[in-house]
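The values are calculated or read from the model by the stated rules, or taken from the named source; none is laboratory data. Because the structure is predicted, anything quoted here is derived from the model rather than measured. Here the Cβ positions follow ideal geometry from the backbone for every residue, glycine too, while neighbour counts run over all protein chains shown. Side chains are part of the model used for accessible areas, which takes the heavy atoms of the whole protein and leaves out ligands, DNA and RNA. Shrake-Rupley method; radii C 1.70, N 1.55, O 1.52, S 1.80 Å.
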Amino acid sequence: MPQTSNEFARIADFDDRTAELIETRRHLHAHPELSFEEHETAAYVADRLERWGYEVTRNVGGLGVVGRLRQGAGGRSIAIRADMDALPILEATGLPYASTSAGKMHACGHDGHTTMLLGAAEYLARTRHFNGTVNLIFQPAEEAGKGSGAQKMIEDGLFDRFPCDAIFGLHNHPGAPAGTFLTRPGPLMAASDTATITIVGKGGHASRPHLTVDPIVVAANLVMALQTVVSRNVNPIETAVVTVGTIHGGTASNVIPETAEIVASIRSFSPEVRDMLERRVRGIATSIAEAHGASVSIDYERGYPVVINAEKETAFAIDVVKELVGDTKVGVCPMIPGSEDFAYFLEHKPGCFLRLGNGENSPILHSSKYDFNDDSLTTGAAMWARLTERFLSL
């Protein structure tokens with residue numbers, strides 16, 4: 001007989017695991033490892049999965065770990081992903097479990113993400129209230145920016161080696177109350193691209209500018225012109241960002257340099273807008289440089305694509321979290337201009353990425369004072385367990 005909603009995992013089922021989850025999360029927080037360096041974290045995860053009876057595959061796409069658990073004769077399969085890497089930030093929280101590695105810090109909550117999925121893993125192995133196959137993906141190098149852990153795992157045959165019908169992921173969300181969930185179908189998080197524009201002029205003495213082609217002037221004009229890309233080229237009902245983050249040029253006040261460089265971060269929520277932004281940035285940079293008698297070279301690097309949630313899987317996830325925490329604790333997530341390499345998984349499989357509140361007063365992500373909210377651990381673990389049980393009971 002099919003299970004009723006009361007038979008699926010509840011937050012209360014994790015109450016007796018709260019202390020253990022907190023201990024795990026704080027251990028991971030105290031021992032952060034950067035992208036592509038997650039040796040100890042991966043071993044920690046793999047050892048526990050093996051202890052609970054999972055079929056564990058290590059070193060997937062580098063340091064990725066996949067735990068597979070089969071139950072019954074069901075043909076459906078689900079994948080759930082947690083990220084493991086930390087950031088090159090000097091922690092300033094002053095917490096007793098603060099980073100023991102100077103200049104490395106879990107400032108994005110991946111310690112919490114890993115812990116919640118481990119909590120669900122233990123529960124699923126112990127209770128086995130599902131019929132099918134569970135694939136738990138513990139991913140390295142989400143913060144890499146390019147050649148990320150998701151890309152490496154996919155290139156290593158992730159979905160061929162561990163087939164799944166859908167994939168789900170989660171990130172904590174500072175500013176939203178702990179224990180609340182946010183998501184939306186369609187575009188959720190932005191594509192992130194980087195344009196490095198090198199302007200080549202003609203250097204000379206500051207007192208004789210007429211004998212030079214000043215790349216600083218070109219750069220200044222270009223910075224201002226790039227501000228029109230969104231305001232005058234992007235449909236007002238669309239969303240995009242062009243931010244010049246760095247500008248470099250010159251060594252002294254009385255020297256007009258030969259070159260100058262600006263680097264811009266470019267974010268968008270649709271493939272069409274993404275392509276248009278690249279065309280306009282290239283066109284504006286080239287035209288302004290030529291208008292001043294300079295030349296320009298452009299290194300335009302495509303970063304993470306848009307996180308696009310599938311309609312069906314998102315509706316399913318929303319239904320699950322509403323059952324778990326109630327309608328009032330589930331909301332529509334605004335589109336987030338930050339980026340996430342979970343987008344690569346969603347290019348291959350339907351799925352949904354959710355956000356879990358980290359507290360209204362939580363410091364922002366990537367802050368040296370950020371900390372994952374332990375009050376969310378049982379909620380997140382219960383959500384993954386319930387979502388798995390329901391998905392594999394259909």
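Odds and ends about this structure:
- Answer residue from segment 345-394, given it is among the hydroxyl-bearing types (Ser, Thr, Tyr) and assigned to a loop (DSSP other than H, G, I, E, B) and is surrounded by the fewest Cβ atoms within 10 Å (Cβ to Cβ) among those: SER368
- ALA178 vs. criteria farther than 26 Å from ASP83 by Cα, open to solvent by 10 Å² or more (accessible area, probe 1.4 Å) and either touching an Asp or Glu at 6+ places or on another chain (Cβ under 8 Å) or not acidic (Asp, Glu) (or both): no
- Qualifying residue in segment 32-44 (condition: touching a Gly at 6+ places or on another chain (Cβ under 9 Å), surrounded by fewer than 23 Cβ atoms within 10 Å (Cβ to Cβ), over 30 Å from VAL325 (Cβ atoms) and hydroxyl-bearing (Ser, Thr, Tyr)): yes
- Residue match in segment 119-129 (condition: modelled with pLDDT under 95 and open to solvent by 40 Å² or more (accessible area, probe 1.4 Å)): no
- Qualifying residue in segment 214-224 (condition: farther than 16 Å from ARG282 by Cα, in contact with a Lys or Arg (Cβ under 9 Å, 6 or more places away or on another chain) and touching a residue at least 24 places away in the same chain (Cβ under 8 Å)): yes
- Selected residue (only one of LEU69, LEU21, LEU28 is open to solvent by less than 40 Å² (accessible area, probe 1.4 Å), of a type in the set (A, V, I, L, M) and not in a helix (DSSP H, G or I)): LEU69
- Pairs, first under 19 Å from ALA382 (Cβ atoms) and open to solvent by 60 Å² or more (accessible area, probe 1.4 Å) in segment 304-329, second assigned to a helix (DSSP H, G or I) and small (Gly, Ala, Ser), C-beta under 7 Å, six or more apart: GLU323/SER5
- ILE216 of a type in the set (Val, Ile, Thr), surrounded by fewer than 19 Cβ atoms within 10 Å (Cβ to Cβ) and modelled with pLDDT of 95 or more: yes
- Subset of segment 244-287 (residues that are open to solvent by less than 20 Å² (accessible area, probe 1.4 Å), part of a helix (DSSP H, G or I) and either in contact (Cβ under 8 Å) with a residue 40 or more places away in the chain or farther than 22 Å from MET224 by Cβ (or both)): LEU277, VAL281, ILE284, ALA285
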